Amino acid sequence: MPQITFLWLSLTYNPRRIGLILRLTSNGGSVSDPLFGAMRQSVIDGAPDKAAELAQQALDSGVDPLEAVNHGFAAGITFAGDQFGCGQMFLPDLLASAEAMQAAMKILERKC
């Protein structure tokens, strides 16, 4: 029987950025679903230390590195790019997101 995961959006204030940011959250599904949500959010928030920590946590939990990239970090950088494209995120924020993605990739590349 397939797992069903519900995603919902909530608005959260982020003191690093002016205004409200959509926060992607997951509920239900497998154990790694909250981890993937945290991965996405670490990139959206532009938090490289948190992204690296979550990448290591994923590896320690046995999550495939490619799955971590595709379902976690890539979703975050895609969301950040979309927000930049529609003027909701600015270049410094996008660069911070890219730094978080890069920090996670350094950890995950070691496993590949």
Every residue in the stretch 86-112 that is under 15 Å from ALA52 (Cα atoms) and open to solvent by less than 100 Å² (accessible area, probe 1.4 Å), please.
ALA96, SER97, ALA98, ALA100, MET101, ALA103, ALA104, MET105, ILE107, LEU108
Taking the criterion of being under 12 Å from SER97 (Cβ atoms), of a type in the set (Phe, Trp, Tyr) and either open to solvent by 80 Å² or more (accessible area, probe 1.4 Å) or not in a helix (DSSP H, G or I) (or both), would at least one residue in the stretch 63-85 satisfy it?
yes
Could you list, in sequence order, the residues of the stretch 58-89 that are more than 14 Å from GLN41 (Cα to Cα) and of a type in the set (Ser, Thr, Tyr)?
SER61
Within the stretch 48-62, residues open to solvent by less than 30 Å² (accessible area, probe 1.4 Å) and not in a helix (DSSP H, G or I) come out as none
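The values are calculated or read from the model by the stated rules, or taken from the named source; none is laboratory data. Keep in mind that this is a model prediction, so the values were computed, not measured. Neighbour counts are summed over all protein chains in view; Cβ atoms, including those assigned to glycine, are modelled from backbone coordinates with ideal geometry. Heads up: the accessible areas ignore ligands, DNA and RNA and are worked out on the full protein's heavy atoms, side chains in. Shrake-Rupley method; radii C 1.70, N 1.55, O 1.52, S 1.80 Å.
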